[in-house]
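Step one of this worksheet: look at the structure below.
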């Protein structure tokens, strides 16, 4: 099975019998939203000048001069492949397996309103966005094939897994333009996570044929917590600099899991209670305008994934990504690099942008057995149709990673070591569509408000 780590890996750990089977299927980088940023490979910390600004750098809201309504959607397809897996004793191999799924979901919605307070431009924003779309589907089969006479007999292993739900953020943000060049901003983010994980593994002997063994785990999960994002921006005609700090998330975690198995006895359903600590993150970005219609940008983002902790009555205190105690975790801290560019083609009454970029996005998770890094590479392309009152943008991204991993393909055993080692590959494409409506006639809006109230 392509054992996986979702936003929380608990059900995968319970079923696999060892954290070493975990695999990344969610890119944990906490990027913001918006198709314009997506087309520039997420290099947006030092730009952040539209209705999606608070999801990148809340200080960027200080650049807005008119109210803006923003809507974003995401369509993605993810494909995983596992091949070359051999048992640790080299007695058996596992046939290659592959799974893929596609998903479309609303990504972001916000309303930003600039006002003047105490002689300073101030912008407020209310927003909702999906930070992690936990929609995963897997239906795969592999066969353990003996390579030498003393190897165990052949065995077919069927896995079916589904995850439904999301981790969403509801945010209230604000920014003030202290001077013509300096802006400060912040946002309060309420985390709302609800998802269900279902996983089943069946083993069927092939030589000689025999009855199947079966085990399935269902787990309901719930996260409630909050954190802060703080930002700073320096803007000049030719260049700008942005700084971002995302504070740690401290949240409650509750859940319930149940097991069904062909074994003589199955453990009773169990309630899970505990806490989740999601680490802080730091970002710095720079943007340069070498010509009036060109912008190039570069972002560096550091995440302290070794500080990601899940502590429950079932697991005890473990690292969120690999399920090991914090003093023995193989998880690493990471620095992501995102670079992008934008060129504007100006026509009468509208602008057509062309955007492109590339990124290096290492993930904190590593297999505790192989310790091979999971490093995603991403290429991006985007365009749009922008007027003074309407912005429509599209951004397309391709990501991929290859790495050595260890995993348990079979029903859990009591062994602390993984069953097999091999290569996994992940391929993902993602399409983001944004619509931003700028309310240019604010006098008319004020008139309507007066008549209503």
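No lab work stands behind these numbers, since they all come straight from the coordinates. Quick caveat, the model's predicted, so the values are computed rather than measured. FYI the Cβ positions are ideal-geometry reconstructions off the backbone, even for glycines, and counts take in every protein chain you see.
With contacts taken as Cα pairs under 8 Å and at least 6 residues apart, segment 10-452 reaches a relative contact order of 19 percent.
With R₀ set to 41 Å, the beta-carbon distance separating residue 271 from residue 151 gives a calculated FRET efficiency near 0.50. Label separation (residue 377 vs residue 250): 4.2 nm, computed from points 7 Å beyond Cα along the C-beta direction.
Among the listed values [x] 80, 41, 40; [y] 90, 52, 48; [z] 70, 48, 46, the one matching Cα extents along the principal axes in Å as calculated from this structure is [x]. Test of understanding: extend the Cα→C-beta vector of residue 86 to 7 Å, then name every residue of segment 118-152 with backbone N under 12 Å from that spot. The answer is 147-148, whose backbone nitrogens lie closer than 12 Å to the label point. With a Förster radius of 22 Å applied to the C-beta separation of residue 293 and residue 126, the computed FRET efficiency comes to 0.10.
Taking one quarter of the surface of the C-alpha convex hull of segment 279-321 gives a mean projected area of 4.0 nm².
Rounded to the nearest 500, what is the chain's calculated 222 nm mean residue ellipticity when only DSSP H runs of at least 4 contribute -39500 (n - 2.57) each, over all residues? It would help to have the intermediate numbers written out before the result.
Values: 3 runs with 23 residues, N = 453.
Value at 222 nm, helices only, nearest 500: -1500 deg cm²/dmol.
How do 397-404, 239-246 rank on mean C-beta neighbours within 10 Å, highest first? It would help to have the intermediate numbers written out before the result.
Details: 397-404: 17.4, 239-246: 20.1.
Output ranking for 397-404, 239-246: 239-246, 397-404.
Once the convex hull of the C-alpha atoms of segment 302-402 is built, how many Å³ does it hold per residue, rounded to a whole number?
131
If you take all C-alpha pairs in segment 112-214, what percent of them are over 24 Å apart?
Working: 3053 of 5253 pairs.
Result: 58 percent of Cα pairs exceed 24 Å.
Extending 7 Å from Cα along the Cβ direction at residue 179 and again at residue 71 yields two label points whose distance is 4.1 nm. Between residue 385 and residue 238, the modelled label-to-label distance comes to 3.6 nm, taking each label 7 Å out from Cα in the direction of the beta carbon. So, R0 is 30 Å and r is the distance between the beta-carbons of residue 190 and residue 392; what FRET efficiency does that work out to, to 0.05? Calculated transfer efficiency: 0.55.
Residue ranges 35-46, 373-384 sort as 35-46, 373-384 when ordered by packing (mean number of other C-beta atoms within 10 Å per residue, highest first). Between the helical axis of 442-452 and the longest alpha-carbon principal axis of the chain there is an angle of about 80 degrees.
Per-residue Cβ neighbour counts within 10 Å put 305, 118 in the sequence 118, 305, beginning with the fewest.
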